[in-house]
Amino acid sequence: MITIRIPATSANLGPGFDSIGMALTQYVTLNCEPADEWSFDLQKKDQPFIPNGKTNLIYKSALFTANQYAIEHLPPHKVTMTNEVPIARGLGSSSTAVVGGIELANQILQLELSDRDKLEIACNIEGHPDNVAPAIYGGITVSSYDGTNLESVRFSKELEQLTWIAVVPDYHVETEEARSILPTELPYKDAVHASGMANVLVAALAEKDWLLVGRMMKQDKWHQPYRSDLIPDFPHVSNILNEHGALGYYISGAGPTMIGLFHNASDDQINKVTKQLPNYQVEVLQADLCGVSASVTPAMNQ
Ligand code: HSE
């Protein structure tokens with residue numbers, strides 16, 4: 001039996017569009033055992049959204065990984081999924097499938113992939129590194145990928161001081177739609193300002209200046225202004241997070257989940273935020289520092 005655990009992730013952190021992401025303490029777990037054919041056992045809530053056969057993104061990512069090493073056949077497994085990560089809400093559910101599939105191929109075929117190998121394959125599948133990098137490494141990652149050149153730097157120090165309160169609405173936003181409404185060009189001056197804000201965010205993360213991290217999170221000019229029609233509740237949720245002491249807040253990935261950053265949120269802050277946002281699922285999370293992990297247990301009858 002192979003058990004694989006992949007963390008949820010939150011991309012962008014405001015101005016770090018398609019580049020910055022972090023791993024969070026919510027997980028997808030895959031229990032995989034050899035079988036006669038491929039199947040994916042899903043929790044009831046996920047069944048409308050995740051295929052249970054070979055069109056499943058976990059299977060497709062595993063097969064893609066095998067193909068990278070000129071292996072055509074993946075021995076079939078029965079995969080039982082336990083999923084804490086809501087689907088299509090901006091918490092990296094598709095990256096958990098991509099990274100889970102790569103790890104599954106790694107384990108079944110004993111490929112001995114390094115984290116860097118996994119990241120290269122994942123970027124090839126996903127197209128941008130902001131969710132897949134933290135799902136692999138854990139912590140906060142800052143990456144760039146142009147289709148060929150790939151760089152990624154990880155931050156993990158003192159992240160335990162931070163609480164990330166995720167406010168999850170009950171509607172879905174498809175990433176494809178949330179990307180289709182973005183402009184195809186940005187005036188040079190605006191792009192310089194927008195990248196300056198992201199640069200300061202990264203410097204503040206490096207210095208662990210959480211107040212400045214929070215301030216810069218609120219300064220995005222790349223994507224959030226264009227996504228306000230898809231996530232109309234962002235101003236209301238931001239006001240409540242702000243009122244109860246959030247250092248910063250942003251739309252997680254392509255939304256609709258919104259995240260507030262707190263310095264060690266107190267029970268009082270958490271209770272007040274939860275009480276004032278009764279129509280949302282409020283999740284109190286921390287940074288996951290491990291990234292994807294796998295363990296193998298011998299079958300009982302061996
Ligand atoms: N950076 C991506 C976006 C994350 O905001 O569209 C979702 O894939």
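Any read-out appearing in this document is the output of simple, stated calculations on the displayed coordinates, not a laboratory observation. If you're wondering where the values come from, they're calculated on a predicted model, not measured in any experiment. So basically every Cβ, Gly included, is an ideal-geometry build from the backbone, and we count neighbours across all protein chains shown.
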Normalised by the residues of the stretch 2-155, what does the relative contact order come to in percent, with Cα pairs under 8 Å and at least six apart? 29 percent
With each run of n ≥ 4 DSSP H residues scored as -39500 (n - 2.57), what mean residue ellipticity at 222 nm is computed for the chain after dividing by its residue count and rounding to the nearest 500 deg cm²/dmol? -10000 deg cm²/dmol
A student asked for the Cα radius of gyration and Dmax of the stretch 2-155 in angstrom ought to give 14.7, 47
What residues have an amide H closer than 5 Å to that of Ser252, excluding those fewer than 5 places away on the same chain, when H is modeled at 1.01 Å from N in the peptide plane? Thr257, Met258, Ile259
Two decimals, Cα atoms only, Kirkwood Rh: what is Rg/Rh over the chain? 0.98
GluC sites (Glu not before Pro) within the stretch 105-148, DSSP loop, no more than 11 other Cβ atoms inside 10 Å: Glu112
The stretch 159-285, relative contact order [Cα under 8 Å, separation at least 6], %: 44 percent
May I ask what percent, to the nearest 5, of DSSP beta bridges between residues of the chain are antiparallel? 95 percent
What are the residues whose amide H is under 5 Å from the amide H of His77, where those residues sit 5 or more places off or on another chain and H is modelled from the backbone? Ala35, Trp38, Ser39
Using each residue's phi in the stretch 164-180, evaluate 6.51 cos²θ - 1.76 cosθ + 1.60 at θ = phi - 60° and report the 3J(HN,Hα) Karplus result to the nearest Hz, with x for Gly and Pro. 10, 9, 9, 10, 9, x, 8, 10, 9, 10, 7, 4, 4, 5, 5, 8, 5
If we count chymotrypsin sites (Phe, Trp or Tyr not before Pro) as exposed when they sit in a DSSP loop and have at most 13 other beta carbons within 10 Å, what is the longest stretch of the chain that avoids them all? 172-302
In debye to the nearest 20, the charge dipole size for the chain, taken about the Cα centre with +1 at each Lys and Arg Cβ and -1 at each Asp and Glu Cβ, equals 340 debye
Could you tell me which of the pairs Lys54/Lys78; Lys44/Lys78; Lys189/Lys221; Lys45/Lys118 are separated by over 19 angstrom between their Cα atoms in the structure shown? Lys45/Lys118
Formal net charge of residues neighbouring Gly101 (Cβ-Cβ distance under 12 Å; K, R +1; D, E -1): +1
Taking amide hydrogens as modeled 1.01 Å from N in the peptide plane, which residues meet the under 5 Å criterion relative to Lys218, leaving out close sequence neighbours? Tyr249
Please work out the C-alpha center-to-center distance from the stretch 46-77 to the stretch 277-298 and express it in whole Å. 23 Å
Please return the longest range in the chain lying between exposed loop sites, taking trypsin sites (Lys or Arg not before Pro), DSSP loop only, at most 16 other beta-carbon atoms within 10 Å, and leaving the sites out. 55-156
Partners for Lys157 among aspartates and glutamates (Cα-Cα distance below 18 Å; same-chain residues under 8 apart left out): Glu207, Asp209, Asp288
